[in-house]
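S.K.: Handing you a structure now.
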Amino acid sequence: MKQRSNAELLEITTTLRNDYQPEALVAAEHELNSRNLTEEETGIAQNELHIKKLEEEKKKEKVKQVEEKVASISDLFHPMTYKSTDSIIKGITIGLLILYLINFISSWSLTKMTLLNVEYWDFTTVIHFVPLILFPIGLFGFWKLKKFGWTILTILITTSTVAALFSTLHGIKRMLEEDKQHFSSNFNIEFSMPEYGMGKFSSQLVQFIVIGGILYYIYTPRISERFEIRNRSRLIVVGLTAALNAIFWLALYF
């Protein structure tokens, strides 16, 4: 015990008494009494213990904050955990951000080529760049629970949903035409779809289901009312966007 500081001996004989054997406590008390500490030395030792206690509390608080953040992030994706509207919104935002980054990376070669050939810009360039620019703005507003965030995302997701729907319908039309041509050339009806057509159809169908599901969820009152979006405004935003896009794709595909 002679190697112990005054503060350590004081801590052993007070707050840590239950952590030591009786023989060790007796030795610590004997060593502390033998030093004949003055009031000033005792005050210094007590002050050191107080500072040590504050540092330990700060460390515990930091660990607690990290654990709470990890738990809140995991709760966003845990199917059995009740989620508040705000946590659902943040989960949707994170999911959409991931999809945006995947799409941005996969289409980077096209984006780069377009930027390097300004002289060939046309209406398709606008179709390509507008979502790339507006989507991050919408995500930011959606995360911050702003009306413009919900509005921008709803317009873009509605546009994507309609595009996926018409791509799926166009895929069905192509497969039917391929089957018809195959029948004409072989005089034999095959009820199985061509491998390429089936793969393309499945991809477009999954895309439509996923994007349509996201649109349906952010359209629900539980989400839209958090942004103070009224029912009439919801219907106008989705209905008008869907109608304009339907006209465009009908003219393109049919």
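Please treat every number below as a calculation from the coordinates, not as lab data. Bear in mind the structure is a predicted one, so any value in this text is a computation, not a measurement. Every residue, glycine as well, gets a Cβ built from its backbone with ideal geometry; the counts of neighbours run over all protein chains shown.
S.K.: State to the nearest 20 debye the size of the charge dipole of the range 6-70 about its Cα centre, where the only charges are +1 on K and R beta carbons and -1 on D and E beta carbons.
M.R.: 400
S.K.: In a shell of Cβ-Cβ distance under 13 Å around GLU55, excluding GLU55 itself, what net charge do Lys and Arg (+1) and Asp and Glu (-1) give?
M.R.: +2
S.K.: Another question about this same structure. If a/c stays under 1.5 just call it rounded; otherwise compare a/b with b/c (prolate if a/b is bigger, oblate if not). Do that for the range 6-70, with a ≥ b ≥ c from the square roots of the Cα gyration tensor eigenvalues.
M.R.: oblate
S.K.: Within the set of other residues whose C-beta is less than 13 Å from the C-beta of ARG4, count the net charge using Lys and Arg as +1 and Asp and Glu as -1.
M.R.: Overall, the nearby charge balance is -3.
S.K.: Report the full-extension gain for the segment LYS52 to ILE172: residue separation times 0.36 nm, less the Cα-Cα distance, to one decimal in nm.
M.R.: 36.0 nm
S.K.: OK, next. Can you give me the distance in nm between label points at THR14 and LEU97, each placed 7 Å from the Cα along the Cα-to-Cβ direction?
M.R.: Once both label points are built, they end up 4.7 nm from each other.
S.K.: Between the DSSP loop rule and a limit of at most 14 other Cβ atoms within 10 Å, which trypsin sites (Lys or Arg not before Pro) in the range 200-254 are left?
M.R.: Loop-located and lightly packed - ARG230.
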